[in-house]
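J.: Below is one structure. I have some questions about it.
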Amino acid sequence: MLKGFKDFIMRGNVVDLAVAVVIGAAFGSLVTSVVDGLINPLIAAIFGAHDISGVMAFTINGSTFSIGLILQALINFLAVAAAVYFLIVTPLNKLAAMRKKDEPAPDEPVAPTEIALLTEIRDALQAQK
């Protein structure tokens, strides 16, 4: 039972998934910091607001609606998704393709040719006589 658990844990996809979750969380916070500290203030400055959440904000009956807050979440999502794709997914896919290319191809059974089949049939018929 412990051997089966060890095999399960040491299986590549489980370990890869655990690493991906940890690295993804850390990487996501890094990209979010760059977006919050650099990109969002630039966008807010373009619109003349001190914070992106104040961009295109309006109030109706005491309720404040903020298009900038939605824009900020969208920018954060797109920045994290693009960074993860281009800096993690693409290089890992290339690495996996290189590994697969380096692995020897499994020996596929070679189908016998027509001559070999006819020779076997001939030999079988001669053995029956």
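J.: Which members of the stretch 51-94 meet the condition of being of a type in the set (Phe, Trp, Tyr) and under 20 Å from residue 29 (Cα atoms)?
T.: 77, 85, 86
J.: Counting just the residues of the stretch 115-129 that are at pLDDT 85 or above and among the charged types (D, E, K, R), which one comes out nearest to residue 16 (Cα to Cα)?
T.: Among them, the one singled out is 120.
J.: Then there's this: Among the residues in the stretch 107-114, are any of a type in the set (Val, Ile, Thr) and surrounded by 11 or more Cβ atoms within 10 Å (Cβ to Cβ)?
T.: The answer is no, given that none of the residues of the stretch 107-114 is of a type in the set (Val, Ile, Thr) and surrounded by 11 or more Cβ atoms within 10 Å (Cβ to Cβ).
J.: While we're here: Kindly indicate which of 33, 66 is of a type outside the set (A, V, I, L, M, F, W, C) and touching a strand residue (DSSP E or B) at 6+ places or on another chain (Cβ under 8 Å).
T.: Within the list 33, 66, the selection yields 66.
J.: Going by the structure shown, is residue 58 exposed (fewer than 10 other Cβ atoms within 10 Å of the Cβ) and in contact with a strand residue (DSSP E or B) (Cβ under 7 Å, 6 or more places away or on another chain)?
T.: Answer is yes for this residue.
J.: Moving to a separate point now. For the stretch 1-113, which helices (runs of 4 or more DSSP H) that fit wholly inside it have 1 or more residues that are aromatic (Phe, Trp, Tyr) and at pLDDT below 80?
T.: 2-10
The values are calculated or read from the model by the stated rules, or taken from the named source; none is laboratory data. In this text the structure is predicted, and so the values were computed from the model without any measurement. Positions of Cβ are backbone-derived with ideal geometry, glycine not excepted, and every protein chain shown enters the neighbour counts.
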